[in-house]
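Read-outs: derived from the displayed coordinates by stated rules, not from any lab. Since the model is a prediction, treat every value here as computed from it, not as a measurement.
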Amino acid sequence: MEQTQPITVVTPQSTLEQGNAQIQYSGFWKRVLAAIIDGLVVGTVAGFIAFIFGSSSYTHQQGLVQAFVSWLYFAYMESSVAQATLGKQILGMSYRLCRE
């Protein structure tokens, strides 16, 4: 007969002890604020790049630039040593994965 492991349900406001580490989930508004900060960073960089190439109004090309900058930003930041975007770092939201 196969042994099953107990299931632990963790809500965003709760904490879970795992060995010496304590996991605490961030709340909704903290995540929204981090997303706003990240949006400002991506929008500023994409707008600057579009301005350099002469786009004065929002065009299809600027949308593509913003999508590409967004993809680069999130891919680089989430796979960096910090494993968090600038918005998450500013608000102290860390997602480090540890393996023993």
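Structural remarks
- Sequence-distant residues sharing a close amide H with S26 (under 5 Å, placed H): none
- Our coupling estimate for region 39-49, obtained by passing each phi through the Karplus curve with A = 6.51, B = -1.76, C = 1.60 and θ = phi - 60°, is x, 5, 5, 5, x, 5, 5, 5, x, 5, 5 Hz, Gly and Pro reported as x.
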